[in-house]
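To start, the structure under review is shown below, and the notes come after it.
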Amino acid sequence: MTKGKHIDHGKDIDYNVDMDIRDEEAKLIEVVETEQGLKIEIWDVDFQHALEGHPEVTIERIKKSLIKPIRVVQSKKSNRACLFYNLEIENDPDFGKIYFCVVVGVLGDGKGKMETAYETTYIKKGKVLFDKSKEDGGKK
């Protein structure tokens, strides 16, 4: 089985070393409510972290993936993390399908917190919590 190609948009950073804002108080940018009723917080430090490694990240792309994902998968690394996927490009000549993924840490009581976001060419394996194609009766 082959994994997708890595789309390298940024540099490797040490989150706590490269960001001087770590000593400042974090600021809530927005709260996005999913169709399933989960309220996801987007904090400035997490958004900046995602942006540093992946300049393709925008608030609009994050919101779209959270509100209308095509699939939500529980992380295999942590059962308190979910990956919200949105298909952005069906057939890129270099990469094939390109998805936008938002990683959300589940806080409990119907709340979550965006951890990071990035582009990828594949959906990770794990327990599928939501699948748009199954909701649409198998249609895309």
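Round to the nearest 10 and report in Å² the accessible area of residue 78, as given by a 1.4 Å probe over the protein chains' heavy atoms.
Answer for residue 78: close to 50 Å² accessible.
For segment 67-120, what does the relative contact order come out to in percent, with C-alpha contacts under 8 Å and a separation of six or more?
Relative CO of segment 67-120 lands at 26 percent.
Relative to the present Cα-Cα distance, how much length would full extension add between residue 109 and residue 78 at 0.36 nm per residue of separation?
Contour length minus the Cα-Cα distance gives 9.4 nm.
Using a cut-off of 11 Å between beta-carbons, work out the net charge of the residues near residue 110 (Lys and Arg +1, Asp and Glu -1, residue 110 not included).
So the surrounding residues net to 0.
How many nm separate the modelled label positions at residue 56 and residue 44, each set 7 Å beyond the Cα in the direction of the Cβ?
In this crude spin-label approximation the distance works out to 2.7 nm.
Keeping all protein chains in place and using 1.4 angstrom, which order do 59, 42 fall into by accessible surface area, from largest down?
59, 42
Name the shape class, rounded, prolate or oblate, that the alpha-carbon gyration tensor gives for segment 35-92, where a ≥ b ≥ c are the square roots of its eigenvalues, rounded holds for a/c under 1.5, and otherwise prolate holds if a/b is larger than b/c and oblate otherwise.
Since a/c stays below 1.5, the shape of segment 35-92 is classed as rounded.
Just add up the charged neighbours of residue 63: K/R +1, D/E -1, any other residue whose Cβ is under 11 Å from the Cβ of residue 63.
0
Let me know the charge dipole size of segment 32-122 about its Cα centre in debye, to the nearest 20, where only the beta-carbon of Lys, Arg (+1) and Asp, Glu (-1) is charged.
For segment 32-122, the charge dipole is close to 460 debye.
May I ask for the net charge around residue 97, where only other residues with Cβ less than 10 Å from the Cβ of residue 97 are counted and Lys, Arg are +1 while Asp, Glu are -1?
Local charge sum for residue 97: -3.
Mind running the shape call on segment 88-133? Use the C-alpha gyration tensor, a ≥ b ≥ c as the square roots of the eigenvalues: rounded below 1.5 for a/c, prolate if a/b tops b/c, oblate otherwise.
Prolate, since a/c reaches 1.5 and a/b exceeds b/c.
Anything over 18 Å Cα to Cα? Flag those among 39/127; 39/124; 97/127; 76/124, in the order listed.
Table pairs above 18 Å Cα-Cα are 39/127; 39/124; 97/127.
Under the classification rounded if a/c is under 1.5, otherwise prolate if a/b is larger than b/c and oblate if not, where does segment 44-140 fall, given a ≥ b ≥ c as square roots of the Cα gyration tensor eigenvalues?
oblate
The values are calculated or read from the model by the stated rules, or taken from the named source; none is laboratory data. No experiment lies behind these values; they were computed from the predicted model shown. Note that we place each Cβ from the backbone using ideal geometry, even for glycine, and neighbour counts take in every protein chain shown. Accessible surface areas use protein heavy atoms only, side chains included; no ligands, DNA or RNA. Shrake-Rupley method; radii C 1.70, N 1.55, O 1.52, S 1.80 Å.
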